[in-house]
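Here's the structure we're looking at; comments come further down.
The values are calculated or read from the model by the stated rules, or taken from the named source; none is laboratory data. Remember, it's a predicted structure, so these values are computed and weren't measured experimentally. Glycine also receives a Cβ, built like all others from the backbone with ideal geometry; neighbour counts cover every protein chain displayed.
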Amino acid sequence: MRWLGLVLLGPALWAVVFSLVYGLHGTLCATASGPEDLGRAARLALVGAWLLGIAAFLPVFALIPERSGQAANLPRIGLWIGLVATLFTLFPVTVTTSC
Amino acid sequence: MSDTSLTPRTGTIAPNPPRRALALHRELQSVWANDRGLWGQMTAVSHTTLGLRFMATAIIFFAIGGILSMLIRAQLASHQGAFLDTELYNQIFTMHGSIMMFLFAIPMLEGLAIWLLPKMLGTRDMAFPRLTALGYWCYLFGGLIMLTALLFGVAPRDGWFMYTPLSSAAYSPGINADVWLLGVTFVEISAIAAAVEITVTILRQRAPGMKLTQMPLFAWYMLGTSAMMLVGFPPLIAGSVLLEIERAFDWPFFDPARGGDPLLWQHLFWLFGHPEVYIIFLPAAGVMSMMIPVLCRTTILGYGAIVAAILGLVFLSFGLWVHHMFTVGIPHMALAFFSAASVLVAVPTAVQVFAWIGTMWKGSPQLHLPMYHILGFFLTFVMGGLTGVMLAIVPFNWQAHDTAFVTAHLHYVLIGGFVFPMMAAATYWMPLITGRRRVKGLGEAAFWVILIGFHGTFFIMHLTGLMGMPRRIDVYPDNPEWVWLNLTSSIFSFVLTIGFAMFVLDLILQATLGKRESRNPWRAPTFDWAMPIPSPNYNFASLPTARHLDRDADEVILPLARGEGILPGAPNGRRELLVTRVGDAQPDHVGVLPGNTALPLALSASIGVFVLLMLASLYALAGIALVPVAVLIWVWVRGMAPGDNLASVAVTPGLRLPVHHHARASLGQSGLVAFLVANGTLFASLLFGLAFVSVVTPGPEAPISTFTPRTTAIALGLVTLAVGLASACVAWSGRHGAAMLALLLNLGALVVLVWMAATQLDDPTRHARDALRAVMAGYVGLHLLVAAGMAAFALDQFRRGEITVDVTGAWPALRLWQRYTSVTTLVTIGVLTAQAVMS
């Protein structure tokens with residue numbers, strides 16, 4: 001069961017970070033005065049949440065046993081899937097118009 | 001309790017001595033066979049019977065949906081078609097989509113999993129056979145309600161995704177939309193039931209020693225699918241319940257004039273709707289992963305990569321739903337999030353396609369009939385996937401949204417990614433179903449006619465869409481330039497239909513006229529072929545163990561038939577199977593399954609009565625109709641009582657295992673956990689609705705609340721205290737007194753909640769915020785009621801002596817439910833308090 005949990009950990013972390021940043025973005029847009037951009041503070045909050053989410057992956061890599069073989073590789077691949085998905089899908093917080 | 005001394009490592013399990021196969025078969029048949037005649041069909045709970053019945057019924061619905069599509073194509077063949085009027089056309093295209101999605105694709109994959117999984121995993125049945133039967137009857141009755149509505153001209157007409165406000169009472173009077181909302185929700189009972197038992201069966205019923213990393217890939221795919229169903233279907237159910245309440249009682253969840261938001265429906269629908277595409281695709285990909293290596297005489301390339309790809313798909317598919325809503329005016333950054341996720345999801349899909357191509361490359365592909373359909377899949381699905389990537393790009397999506405291009409794309413994905421693999425699977429597993437060989441020639445011809453008919457119909461539809469033709473229009477008098485394209489599509493659609501008819505005829509000929517087939521005709525290495533053909537209800541005379549893994553099915557057929565595996569025959573006259581642990585699949589205990597019963601039929605019929613009364617707007621009577629539902633559920637659970645036979649079971653010489661009544665982690669306990677995952681997602685969907693209406697919806701401000709803060713705070717404090725104490729009672733003690741206390745505390749909390757709803761909550765019809773508060777209160781109240789019912793059931797079990805030091809009875813289930821109820825009650829109170837304070 002622990003192994004299954006480790007396999008699911010990476011994508012689950014992505015799901016959490018994605019939901020948090022998406023929710024934060026919606027909340028900031030709802031409270032913004034203008035229709036276009038949120039301003040520097042809100043942008044920093046979004047980028048900060050994204051970076052914190054990425055940072056959350058780093059200690060989790062230490063949880064994976066340093067063995068080789070399929071059983072050890074799958075949790076590692078799961079973490080990479082989560083990390084790459086977090087990097088790629090939330091990258092827009094740095095470059096696009098906010099609202 | 002499970003005695004660990006009784007459960008040694010599987011490597012030490014000694015084989016049973018060989019017995020006469022025929023005697024074992026007769027012994028098992030007397031226990032596992034269906035009753036005779038029509039009554040026997042109505043009371044059957046066997047996964048073999050019900051899996052096939054699910055698939056057969058789904059094929060019938062597919063045929064009906066196909067006939068509707070021919071009517072659509074006949075109407076569109078000319079620009080001023082007079083074949084159907086607009087009202088009927090709307091009903092027909094809505095029913096076509098709804099049937100294909102809810103009454104064909106999902107039940108088909110459920111049926112396939114129910115029929116195939118136990119055979120592949122080396123067990124005798126699904127975890128909850130009565131639930132399988134309940135799911136089937138709910139599916140059938142729900143489908144019949146929708147079809148009957150079509151015959152009477154009151155079928156849904158607002159498109160298969162039922163967008164509000166078009167589907168709201170103001171714009172869709174009558175019962176048409178209610179038929180969809182109630183009928184589909186009725187059918188979804190079967191989806192949730194299937195998801196629960198697929199999850200539990202895969203995690204707890206694998207052959208001893210079959211680790212997760214040794215499972216056949218189909219089981220991995222189905223584990224991913226069932227997890228997605230547990231999380232994906234509740235948002236749809238939540239949305240359907242909210243919309244039905246809005247239509248029935250005027251609670252304005254989606255009415256912008258009263259603080260609601262039509263976009264909330266779209267979010268809830270597509271939170272289900274996009275994962276649904278992968279829910280349909282993953283089982284199809286699962287059968288591909290099983291068939292391709294066998295038909296190429298090799299092993300699958302990249303097992304680990306495929307498992308990782310499944311993992312990625314399962315999660316990423318929940319981050320895409322907004323790509324169906326790119327044109328509704330959501331913020332740019334959100335568009336970018338979902339566009340990125342939509343592009344990213346192509347990667348794990350491509351990993352699988354390349355793994356299959358690589359497997360074919362390293363093996364020696366043989367062009368048997370299933371391989372024709374596999375090649376048809378590659379061609380069609382890859383094209384559909386590429387147009388999917390095009391639609392994931394926002395600027396293109398804005399141009400192509402709601403055009404025939406999208407219709408073409410979704411048919412390439414669904415027919416390419418589901419129907420072709422299912423046809424391959426049907427031709428591959430037909431010998432195991434019928435025991436007969438196919439009649440050569442017709443199947444190949446059917447394939448070519450289907451392939452030509454499909455691409456002739458839908459490839460051209462891309463062009464029609466790019467020329468600007470919207471979906472769902474019945475005439476286009478001002479656009480004669482679309483006529484030749486539509487006429488061509490219509491002609492080929494009839495070719496496609498002829499092809500499907502030929503395919504079904506081929507199956508019928510095989511079932512009726514085919515010569516006797518030999519065992520394991522494909523020389524496959526998996527357990528599903530290590531049994532007699534056609535497969536008996538019990539699958540295996542004795543269950544396979546670790547030493548049967550990684551051997552050709554041919555080598556293990558006879559030893560298993562002679563009882564040399566584990567748990568041979570049915571010496572106790574009960575339906576027994578082995579329950580193993582989640583991670584390492586070590587033997588844990590023996591599960592005793594219920595026999596044939598009409599209870600699932602009766603329960604689904606009583607739910608059907610409730611649905612019909614709701615459709616007739618007889619709400620008071622509908623409430624009363626829930627009483628027999630509750631009574632039947634009580635009878636159902638009473639059926640799980642241990643009875644007299646609690647003795648441990650000898651599964652091999654020298655190894656006895658306890659029966660499930662003594663087990664700490666029974667199948668029922670695992671099933672409840674899976675159900676609570678789905679229930680938790682439903683709860684989260686309601687919270688999402690509350691947050692959406694509170695934060696994002698631009699509608700009018702909510703009126704000032706009229707509740708008395710002091711009184712409300714005291715009442716909420718009492719509810720919190722009561723559920724907290726009830727939870728503590730059942731957690732710390734397993735005694736009669738604790739059950740009584742839990743019953744009283746839950747009932748007390750319920751009374752306070754009802755009083756508060758009656759006196760303190762604002763009128764739910766005046767604003768969406770108030771309506772959502774009332775729904776949240778109703779959710780908590782329902783859970784308190786169920787917790788009280790479970791405590792009463794436990795009390796009854798104490799009275800009957802069915803809960804003892806060694807026998808857990810319903811107590812673990814009560815403890816889990818009570819804990820869940822406490823958490824959701826506290827979260828609800830916290831969220832509603834925060835919302836009240838902030839507003």
Taking the criterion of being surrounded by fewer than 21 Cβ atoms within 10 Å (Cβ to Cβ), within 12 Å of chain B (Cβ to nearest Cβ) and at pLDDT 85 or above, would at least one residue in the range A:32-45 satisfy it?
yes
Does B:LEU223 fit the bill of being more than 14 Å from chain A (Cβ to nearest Cβ), at pLDDT 95 or above and touching a helix residue (DSSP H, G or I) at 6+ places or on another chain (Cβ under 6 Å)?
no
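In contact (Cβ under 8 Å) with a residue 60 or more places away in the chain and more than 19 Å from A:GLY82 (Cβ to Cβ): does that describe B:PRO331?
no
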Within the range A:68-96, the count of residues that are touching a helix residue (DSSP H, G or I) at 6+ places or on another chain (Cβ under 9 Å) and more than 11 Å from chain B (Cβ to nearest Cβ) comes to 1
Among (1) farther than 18 Å from B:ILE189 by Cα; (2) surrounded by fewer than 18 Cβ atoms within 10 Å (Cβ to Cβ), B:GLN669 falls short only on (2)
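Take the conditions more than 28 Å from the chain's Cα centre (by Cα), under 30 Å from B:GLY456 (Cα atoms) and either modelled with pLDDT of 95 or more or crowded, with 23+ Cβ neighbours inside 10 Å (or both) and apply them to B:SER493. Does it pass? Quick ask: steps written out before the conclusion?
Numbers: more than 28 Å from the chain's Cα centre (by Cα): yes; under 30 Å from B:GLY456 (Cα atoms): yes; either modelled with pLDDT of 95 or more or crowded, with 23+ Cβ neighbours inside 10 Å (or both): yes.
Criteria met by B:SER493.
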Sole miss for A:VAL60 among (1) within 8 Å of chain B (Cβ to nearest Cβ); (2) modelled with pLDDT under 90 is condition (1)
If you scan the range B:268-327, which residues turn out to be under 25 Å from B:LEU410 (Cβ atoms), hydroxyl-bearing (Ser, Thr, Tyr) and within 14 Å of chain A (Cβ to nearest Cβ)?
B:TYR278, B:SER317
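Inside the range A:1-17, can you point out the residues that are under 8 Å from the mean Cα position of the chain (by Cα) and more than 7 Å from chain B (Cβ to nearest Cβ)? Spell out how you get there, then give the answer.
Step one: filter the range A:1-17 for residues under 8 Å from the mean Cα position of the chain (by Cα), giving A:13-17.
Answer for the range A:1-17, where residues must be under 8 Å from the mean Cα position of the chain (by Cα) and more than 7 Å from chain B (Cβ to nearest Cβ): A:LEU13, A:VAL16, A:VAL17.
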Out of the strands (runs of 3 or more DSSP E) lying entirely within the range B:575-653, which hold 2 or more residues that are under 26 Å from the mean Cα position of the chain (by Cα)?
B:575-580, B:587-593
Give the residues of the range B:210-256 that are basic (Lys, Arg) and either at positive phi or assigned to a helix (DSSP H, G or I) (or both), sorted by residue number.
B:ARG247
Of all residues in the range A:83-99 being under 16 Å from A:LEU44 (Cα atoms) and part of a helix (DSSP H, G or I), which is nearest to the chain's Cα centre (by Cα)?
A:LEU90
Specify the residue that is nearest to B:VAL807 (Cα to Cα); the eligible residues are those in the range B:699-738 that are over 35 Å from the mean Cα position of the chain (by Cα) and among the β-branched types (Val, Ile, Thr).
B:ILE714
Taking the condition of being touching a His at 6+ places or on another chain (Cβ under 6 Å), crowded, with 16+ Cβ neighbours inside 10 Å and either at pLDDT below 95 or under 19 Å from B:TYR412 (Cβ atoms) (or both), how many residues in the range B:465-490 meet it?
0
Within the range B:685-706, can you find the residues that are crowded, with 17+ Cβ neighbours inside 10 Å and of a type outside the set (A, V, I, L, M)?
B:SER685, B:PHE688, B:GLY689, B:PHE692, B:SER694, B:THR697, B:GLY699, B:SER705
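Residues checked against (1) in a helix (DSSP H, G or I); (2) buried (at least 22 other Cβ atoms within 10 Å of the Cβ); (3) of a type outside the set (Phe, Trp, Tyr):
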position	(1), (2), (3)
B:ILE330	no, no, yes
B:PHE338	yes, yes, no
B:VAL347	yes, no, yes
B:PRO370	yes, yes, yes
B:LEU375	yes, no, yes
B:VAL382	yes, no, yes
B:PHE396	yes, no, no
B:GLN399	yes, no, yes
B:LEU410	yes, no, yes
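Here is a yes/no grid of residues against (1) part of a helix (DSSP H, G or I); (2) within 30 Å of B:ILE202 (Cβ to Cβ); (3) assigned by TED's automatic domain parsing to the domain that holds B:LEU505:
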residue: B:LEU38; (1), (2), (3): yes, no, no
residue: B:THR57; (1), (2), (3): yes, yes, no
residue: B:ILE60; (1), (2), (3): yes, yes, no
residue: B:MET70; (1), (2), (3): yes, no, no
residue: B:ALA82; (1), (2), (3): no, no, no
